[in-house]
Amino acid sequence: MRNMKPWSRQFAWFALITAALAILLGLFNMAANTAHLGSWLPLLLLMPWPLYLAIWSLRARSQD
């Protein structure tokens, strides 16, 4: 992450909330629609990365 600039505070919070809600939706959808992998698997596989980046950006901004 040494070449990446932190996101702005507003965008990082938006990404954090969106990623957390998408992961919760994916978990709920996994319990409700276990037969349809395409409805929940992409959310659970892809959304931890924006969540991680948002947390990293907020921590980097708070250290400045």
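The values are calculated or read from the model by the stated rules, or taken from the named source; none is laboratory data. Being a predicted model, the structure only gives us computed values, none of them experimental. Please note: Cβ atoms are built from the backbone with ideal geometry, for glycine as well, and neighbour counts cover all protein chains shown. Calculation scope for accessible area: heavy atoms of the full protein, side chains included, ligands and nucleic acids excluded. Shrake-Rupley method; radii C 1.70, N 1.55, O 1.52, S 1.80 Å.
Quick look at the numbers
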item	result
Candidates LEU51, LEU27, LEU16: whichever shows maximal mean-square fluctuation once the chain is modelled as a Gaussian network with Cα springs under 10 Å	LEU27
Solvent-accessible heavy-atom area per residue, rounded to whole Å², over the chain at 1.4 Å	75 Å²
Between helix 9-32 and the chain: long-axis angle, C-alpha atoms, 0 to 90°, nearest 10	20 degrees
Cα→Cβ-extended label distance, 7 Å offset, between SER39 and MET4, nm	3.1 nm
Solvent-accessible surface ranking, highest first, for LEU53, LEU24 at 1.4 angstrom	LEU24, LEU53
Segment TRP56-PHE14, length gained on full extension (0.36 nm per residue, minus Cα span)	13.8 nm
